[in-house]
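What follows is a short report on a single structure.
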């Protein structure tokens, strides 16, 4: 009867207050009303990214913004260091290679984060690296990386630091200016609770200087043009107007709650879900778990059945593994507009599916552990 | 009190039935419900483009699709012929030059269309041209081009034919397969009555062959990946889900009306607006006018005041000229979801502004001419 509720790593559920803005009659983008909304969105993004620098909005999904970062912030012949520990960090390396950037990859097992020592060593044995790409929260594995430390090492070796924050923004502390992130990439359909179709990037003064001095050919993703026009609330090309108004409303909600509380809510939800997953006898896949997504390890060959049962019988859509993790993990999303009640729905469906599939003997253990974890995390 | 109603060349007004689809709770893109909608959208686009070939949807504005056409359908070292007769056709040449494509430009005065003879001659004196770029309806000047004839000439010289149909689709007959258009580019916020943020392209077998054999580096705009995934209703990256459902509804409305009637409605509106503009003593800028937009020439130095007065006093948003036409023309948009009543609103506001600005002595001539033109065009 009902649409499956989304507990996916993105797109995530969007608040009705945000959805309904899209149903309003269209406002032209060359108008004061649009410019005002666009400028407010940029301010809101600066607030959650903790930056005073330029932030640019693009009409594309997050991958478009990743490509924009590569074509604007590298040049042919540049050497880049890329951390790879999952499907989305692999994407950085795919894009840099697509553009002929010499790409040094530092890998960690999927499920692990890349050790700072490995990055330190890679910079030492690969002289001439000028750009460092990494991933804050690896959506395919649910792993969080210590971006603050990694950025410090990269800066010590004079590399520009470019971070995929697509699934970390709003779920974790993100301090673009304090940590010296030269470019942080985000997407609308994640922590900022907006339908997909928008992405955004922050740019440090060093990033702006580098792209001004030279870059790959680009047109739609020309970040210099976008930065220049954004100052007045304009865009070089027609923006996704309804989505910009949706993002404006979502950022208002985040400001009303306060970014610290938003992050604390994500931490509490993630902690409780992990406790429930453990209590149900499933393994936790990520060595350092992200607050965005919990990757859980069910018994062999059961992942697909769990995902299907949760959706078909209980109206709860989670996702399985991607790439080489297909069939091996399940991913429980809690990024964005979710509270304790939602986690009760999520874990209740997981428990029920595990009982149906005879993986656990009876109901209760998951919800009990969930409730206890919330009690402990509430001040 | 009221929001200004849009009579702009894009974004255009969006029907409430289309807007409201965006207010519905989000559906995940890896789901049968989304795939079904996406496949229906592709079928609907095939219907309006009159093609049996692949059609690809992108989460970007129309310019993104133009760039996608260039990077996928040219290679470094290719020689391209580009018609330029306004701001948007200039964009083709800007993008081809950005990617190092040898670019031969055949210009016409802004307001004119490029003569077939000039194209014939250009092919003769520029051997080795392998790609031809042109613009069906030049939104900056309101000029229509005879794409059928131009495509025939280009094919006679073995060039791939790539057409910007962003403001012609639904306003004019577009016959991709019959005319041999290898790639037709469109945007959602135009004739297909959807909020901005989506673009689309058709691809002929020759276009697919060419991009399979070699192209520029690309990632987000990889049309081979997009074509492959589109067959099953999937996309390589997260699609703009709410906009896809909006486009689905808009295309249903176009099918219900019938594409021939949609085009005839555009023709009737455009003819009536031109009659009204002439009756009000303004010049018509386009030698061959498009049904999308009427570019009118007011007395010197009056364009900005007319645009402002129409919006501020009468709640009707039109636009002025762009680039070198700034301050010289006004553009009255009637592309998309507009009928006779809307044109009455548009011309009534134009008349009133012209009286306010003492450009015409009294009200009536415009609306009278509008009404007469509709009487003549109704069978």
Item checked: Out of B:265, B:249, B:274, sole residue that is assigned to a helix (DSSP H, G or I), closer than 24 Å to residue B:6 by Cβ and either over 22 Å from the mean Cα position of the chain (by Cα) or within 14 Å of chain A (Cβ to nearest Cβ) (or both) -> B:249
Notebook entry, point to check: Which of the residues that make up the range A:8-28 are surrounded by 20 or more Cβ atoms within 10 Å (Cβ to Cβ), over 17 Å from residue A:200 (Cβ atoms) and more than 8 Å from every other protein chain (Cβ to nearest Cβ)?
Noted result: A:9, A:21
Check: Do any strands (runs of 3 or more DSSP E) entirely within the range A:29-148 hold 1 or more residues that are in contact with a helix residue (DSSP H, G or I) (Cβ under 9 Å, 6 or more places away or on another chain), within 12 Å of chain B (Cβ to nearest Cβ) and within 30 Å of residue A:214 (Cβ to Cβ), and if so, which?
Finding: A:55-58
Notebook entry, point to check: Yes or no: residue B:166 under 25 Å from residue B:96 (Cβ atoms), away from chain A (no Cβ under 14 Å) and in contact with a strand residue (DSSP E or B) (Cβ under 6 Å, 6 or more places away or on another chain)?
Noted result: no
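Residue-by-condition table, conditions (1) surrounded by fewer than 22 Cβ atoms within 10 Å (Cβ to Cβ); (2) more than 9 Å from chain A (Cβ to nearest Cβ); (3) more than 27 Å from residue A:198 (Cβ to Cβ):
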residue: B:190; (1), (2), (3): no, yes, no
residue: B:194; (1), (2), (3): no, yes, no
residue: B:197; (1), (2), (3): no, no, no
residue: B:202; (1), (2), (3): no, yes, no
residue: B:207; (1), (2), (3): no, yes, yes
residue: B:210; (1), (2), (3): no, yes, yes
residue: B:220; (1), (2), (3): no, no, no
residue: B:223; (1), (2), (3): no, yes, no
residue: B:226; (1), (2), (3): no, yes, no
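Read-outs: derived from the displayed coordinates by stated rules, not from any lab. Here the structure is a predicted model, which is why all the values come from computation and not from measurement. FYI the Cβ positions are ideal-geometry reconstructions off the backbone, even for glycines, and counts take in every protein chain you see.
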